[in-house]
Amino acid sequence: MRFLILSLAVTPMRRIANAPKLILVRRMLGLTALAYALVHFTLYITDQKFDLARVASEIVFRFYLTIGFAGLLGLVVLGVTSTDGMIRRLGKAWPRLHRLVYPLTALALLHFFIQSKIDVSNPVYWSGLFLALMGWRLMHHFKVPTAPLPLLGLSVAAGLATAGLEALWYALATGVPASAVLSANLDFAYDVRPAWWVFATVVLIVPLNLWQNRTASGGKGSAAKGPISRPAQAH
């Protein structure tokens with residue numbers, strides 16, 4: 001999940017920090033996520049003593065394994081088609097195919113939630129970051145400027161969405177009242193809830209963007225003459 005979320009963070013960070021060279025690591029991060037997923041599945045097969053019939057039946061009859069395996073197959077497809085040759089061969093279909101990374105990430109997060117059982121703090125945190133990344137893409141789609149104030153709003157919205165997601169999950173999975181989970185977010189005596197960690201993580205990009213904007217406006221040459229051009233990204 002970490003590498004998958006990091007791969008999705010590359011495009012926003014390229015624009016927020018004006019770091020176009022980050023694109024060089026996106027494919028590497030995606031393939032690393034695939035490698036970890038394959039190792040995860042291989043270890044599960046090993047745990048089942050290489051009884052492939054049992055593995056297959058478990059995948060069919062256990063919902064969290066079904067969605068996890070579906071996510072793995074999707075990542076394999078994206079990994080196989082990530083080479084330069086496949087990009088040229090698929091042409092305009094390649095960006096559409098690789099937008100599947102969004103629902104595949106959602107499947108992986110759902111698998112993570114169910115597998116975690118009672119304590120879902122980790123999947124809630126990574127889901128919150130996923131919501132923040134999708135929120136940035138929504139902002140970009142509606143041409144909301146990548147500026148400190150909108151990014152601050154994004155961090156607040158991501159934190160609130162994370163708190164709501166956590167409350168909804170516990171309400172559906174355990175029957176704990178959503179109000180009790182939401183109120184726990186304001187009680188720091190026991191623990192800091194994932195919503196606050198998501199807010200803290202996302203809000204860090206605000207000073208980064210502010211510093212980048214000041215550097216660009218105070219620079220010379222093309223940076224001083226107008227807006228910095230930023231290449232379009234597929235995802």
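Computed about its Cα centre, the charge dipole of the chain is approximately 1360 debye, with only Lys, Arg, Asp and Glu carrying charge at their Cβ.
Within the shell defined by Cβ-Cβ distances under 11 Å, the residues around residue 193 carry a net charge of -3, with Lys and Arg each +1 and Asp and Glu each -1.
Legend: distances between Cα atoms for 92/117; 117/143; 49/117; pairs beyond 31 Å are 92/117; 117/143.
Scanning the chain for trypsin sites (Lys or Arg not before Pro) in DSSP loops with at most 16 other Cβ atoms within 10 Å, what's the longest stretch left with none?
144-219
Taking chymotrypsin sites (Phe, Trp or Tyr not before Pro) that fall in a DSSP loop and have at most 12 other Cβ atoms within 10 Å as cut points, what is the longest piece of the chain between them?
51-141
Using Cα pairs under 8 angstrom and six or more residues apart, how large is the relative contact order of the chain, in percent?
So the answer I get is 22 percent.
One decimal place: the segment residue 87-residue 119 gains 7.5 nm when fully extended, by the rule 0.36 nm per residue minus the C-alpha distance.
For the chain, the average shadow cast by the Cα convex hull is 15.8 nm², which is a quarter of the hull's surface.
Placing a label point 7 Å from the Cα of residue 47 along the Cα-to-Cβ direction, the residues of the range 96-123 whose backbone N falls under 16 Å of that point are 111-119. Among 55, 156, 203, the largest mean-square fluctuation in a Gaussian network model of the chain (Cα springs under 10 Å) belongs to 55. Using the Cβ of residue 123 as centre and a radius below 14 Å, the other residues enclosed give a net charge of +1, where K and R count +1 and D and E count -1. Modelled label positions at residue 190 and residue 38, each set 7 Å beyond Cα in the direction of Cβ, lie 4.2 nm from each other.
Each peptide in 5-12, 71-78 gets a packing score, the mean of other Cβ atoms within 10 Å over its residues, and the list from highest to lowest is 5-12, 71-78. With helices as the sole contributors, the chain gives -24500 deg cm²/dmol at 222 nm; each DSSP H run of n ≥ 4 counts as -39500 (n - 2.57), and the sum is divided by every residue. Distance from the C-alpha centroid of the range 48-125 to that of the range 128-185: 23 Å, rounded to the whole angstrom.
Where a number appears in this text, it was derived from the coordinates with a stated rule and is not lab data. In this text, all values refer to a predicted model and were calculated from it rather than measured experimentally. Neighbour counts run over all protein chains shown; Cβ positions are idealised from the backbone, glycine included.
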